[in-house]
Amino acid sequence: MYRILLIEDDFALAQIMKKQIEPWGNEVRLITDFQNVMPIFIEYRPHLVLVDIMLPFFNGYHWCSEIRKISNVPVVFISSASDNMNIVMAMNMGGDDFIPKPVEPNVMNAKLQAILRRAYNMTSTAPVLEHRGAIVNLSDNTLIFEGKKIELTKNEFRILQTLMENKGKIVSRDTLMMKLWQDDCYVEENTLTVNVTRLRKKLEKAGLCDFIATKVGSGYIIS
């Protein structure tokens with residue numbers, strides 16, 4: 001089952017589209033807070049986003065741009081403003097397709113299924129990890145916080161990814177050492193301590209204080 005996030009302020013139309021899409025084996029969540037789309041996007045982790053151009057507060061181009069900062073998830077625009085200028089703008093902003101209103105259900109579903117097949121036929125479906133506003137994008141190994149990219153080394157990213165994947169659990173030093181040995185290169189135990197220290201400093205400089213806690217004799221935890 002694919003998760004689809006629908007950003008459409010015409011509630012009646014959104015309900016109709018939801019009923020048209022879900023019988024194809026998909027799950028649809030509707031946005032109701034048009035000022036705070038990104039927290040819902042991060043929590044829901046959709047496989048595809050359907051977004052109208054004309055929306056309250058911020059338009060669809062804005063939200064597509066925000067999504068593209070942290071994810072390569074397919075974005076499909078839906079709009080009655082289906083002139084060439086808007087279609088070109090939608091594609092240039094990172095959109096994957098454009099469906100004009102009024103929406104023809106069979107055409108819409110055929111396009112959505114084709115995009116989902118291409119995007120997820122042989123790929124992982126987990127685009128990001130998130131905690132306290134820090135977003136780890138697994139597709140391009142980046143860390144984003146408050147719209148800014150935090151540059152991490154390969155080892156720092158592996159440590160952070162492992163801790164984020166086990167959020168709320170203590171991760172032993174041995175487990176983290178194994179992650180650092182993925183390239184079959186010997187890594188001294190002191191290397192882990194140095195990398196964790198550097199990672200903490202980068203997180204604190206970005207405003208993420210006390211993000212990684214040490215459990216003496218056990219390992220580290222993001223709680």
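The values are calculated or read from the model by the stated rules, or taken from the named source; none is laboratory data. Since we're looking at a predicted model, the values are computed, not measured. Here the Cβ is made from the backbone with ideal geometry for all residues, glycine too, and neighbour counts use every protein chain on show.
Observations, loosely collected:
- Checked against (1) of a type in the set (A, V, I, L, M); (2) at pLDDT 85 or above; (3) closer than 14 Å to Gln161 by Cα, Leu208 meets all criteria but (3).
- Qualifying residue in region 18-38 (condition: without any contact (Cβ under 8 Å) to a residue 60 or more places away in the chain, under 21 Å from the mean Cα position of the chain (by Cα), buried (at least 18 other Cβ atoms within 10 Å of the Cβ) and not in a strand (DSSP E or B)): yes
- Filter result for Met54 (exposed (fewer than 15 other Cβ atoms within 10 Å of the Cβ), in contact with an Asp or Glu (Cβ under 7 Å, 6 or more places away or on another chain) and either more than 25 Å from Ile144 (Cα to Cα) or of a type in the set (Val, Ile, Thr) (or both)): no
- Restricted to strands (runs of 3 or more DSSP E) entirely inside region 69-181, those with at least 3 residues that are free of Cβ contacts under 8 Å to residues at least 24 places away in the same chain and surrounded by 14 or more Cβ atoms within 10 Å (Cβ to Cβ) are 97-100.
- Residue within region 81-94 that is at pLDDT below 90, in the same structural domain as Leu13 (by TED's automatic domain parsing), within 25 Å of Lys19 (Cα to Cα) and among the acidic types (Asp, Glu) present: no
- Enumeration of residues in region 17-59 that are of a type in the set (A, V, I, L, M, F, W, C) and under 14 Å from Ile99 (Cβ atoms): Met17, Ile21, Leu48, Val49, Leu50, Val51, Ile53
- Qualifying residue in region 150-160 (condition: of a type outside the set (Ser, Thr, Tyr) and modelled with pLDDT under 85): no
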